[in-house]
Amino acid sequence: LVVVFAQSRGPVNRLLERRPVQALGLWSYSIYMVHVLIFTVEKMGMGLLAKKGVLGLTAVQTATGKLWTFNNVALDAAFFATQIALTLVVSKWTYDLIEDPWRRRFAAIASRRELKQQGGSSSPIPAVA
């Protein structure tokens, strides 16, 4: 696999080089961090709506917990798609407003510390001899 992907050819590599897939890679940590929060809030909301008898929501008990259903495949699919879209939107937002700016700040701090330890100036551009 390493040899195949190292050559950067083929349909899989072309797919992995597309902007949407690259964006998912950038946002992957944010997706990981926010999806559980979003799904938990949604499950609590679904429980409240089910108690009020809204939209015919019912719970299906599984080995890992309750799954909520509208008892309508189209509504269930639309809700699932909405969950994914909401997770991606919030993840892009957290990446742009939190993850990326703080990563840059920490990288700048590390760069200044490294230059200071090497006895150089605090300028991010090293002197050329």
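The values are calculated or read from the model by the stated rules, or taken from the named source; none is laboratory data. Since we're looking at a predicted model, the values are computed, not measured. Don't worry about glycine lacking a Cβ; one is built from the backbone with ideal geometry, like all the others, and counts go over all protein chains shown. When the accessible area is computed, the model is the full protein with side chains, heavy atoms only, and any ligands, DNA or RNA have been set aside. Shrake-Rupley method; radii C 1.70, N 1.55, O 1.52, S 1.80 Å.
Could you give the length gained by full extension between V3 and V36, i.e. 0.36 nm per residue of separation minus their alpha carbon distance, to one decimal place?
Details: separation 33, 0.36 × 33 = 11.88 nm, distance 3.55 nm.
Here the segment from V3 to V36 would lengthen by 8.3 nm.
Pick out, from A50, V21, P11, the residue whose Cα sits farthest towards the positive end of the charge dipole of the stretch 1-53, with +1 on the Cβ of Lys and Arg and -1 on the Cβ of Asp and Glu.
Comparing the listed Cα positions along the dipole, A50 ranks first.
For the chain, restrict the atom set to alpha-carbon positions and state the Rg and Dmax in Å.
Expressed in Å, the Cα Rg and Dmax of the chain come to 22.9, 76.
When the dipole is taken about the Cα centre of the chain, and only Lys, Arg (+1) and Asp, Glu (-1) are charged at their Cβ, what size is it in debye, to the nearest 20?
Magnitude of the dipole: close to 220 debye.
Using Stokes-Einstein with the Kirkwood hydrodynamic radius over Cα pairs, what translational diffusion coefficient do you get for the stretch 1-74 at 4 °C and a viscosity of 1.567 mPa s, in µm²/s rounded to a whole number? Let's see the in-between values first.
On the way: Rh = 15.9 Å.
Calculated translational D: 81 µm²/s.
Express the carbon and sulfur contribution to the solvent-accessible surface of the chain as a percent, rounded to the nearest whole number, probe 1.4 angstrom.
Numbers: 6980 of 10300 Å².
Taking all protein chains in place, the chain shows 68 percent carbon and sulfur surface.
Tell me, what HN-Hα J-couplings in whole Hz come from the Karplus equation 6.51 cos²θ - 1.76 cosθ + 1.60 at θ = phi - 60° for each residue of the stretch 81-93, using x for Gly and Pro?
Calculated HN-Hα couplings, in order: 4, 5, 4, 5, 4, 4, 4, 5, 5, 5, 5, 4, 4 Hz.
Using a simple spin-label model with points 7 Å from Cα along the Cα→Cβ vector, what separation in nm is obtained for Q83 and R104?
3.4
Would you please give the FRET efficiency between R112 and S28, computed as 1/(1 + (r/R0)^6) with r the Cβ-Cβ distance and R0 = 41 Å, to the nearest 0.05?
Efficiency for this residue pair is about 0.90.
Explain nothing, just compute: Karplus ³J(HN,Hα) = 6.51 cos²θ - 1.76 cosθ + 1.60, θ = phi - 60°, for every residue of the stretch 54-68 in order, whole Hz, x for Gly and Pro.
Using θ = phi - 60°, the values come out as 7, 6, x, 5, 9, 9, 10, 7, 10, 5, 9, x, 8, 10, 8 Hz.
Quick one: accessible area per residue over the chain, 1.4 Å probe, rounded to a whole number of Å²?
On the way: 10300 Å² over 129 residues.
With the other protein chains kept in place, the chain gives 80 Å² per residue.
Using amide H atoms built 1.01 Å from N in the peptide plane, name the residues 5+ places from L57, or on other chains, whose amide H lies under 5 Å from its own.
Amide H to amide H, under 5 Å and 5 or more residues apart or across chains, L57 pairs with nothing.
Before anything else, pin down the relative contact order of the stretch 29-129: Cα pairs under 8 Å, at least 6 apart, normalised by residue count, whole percent.
It comes to 23 percent, rounded to a whole number.
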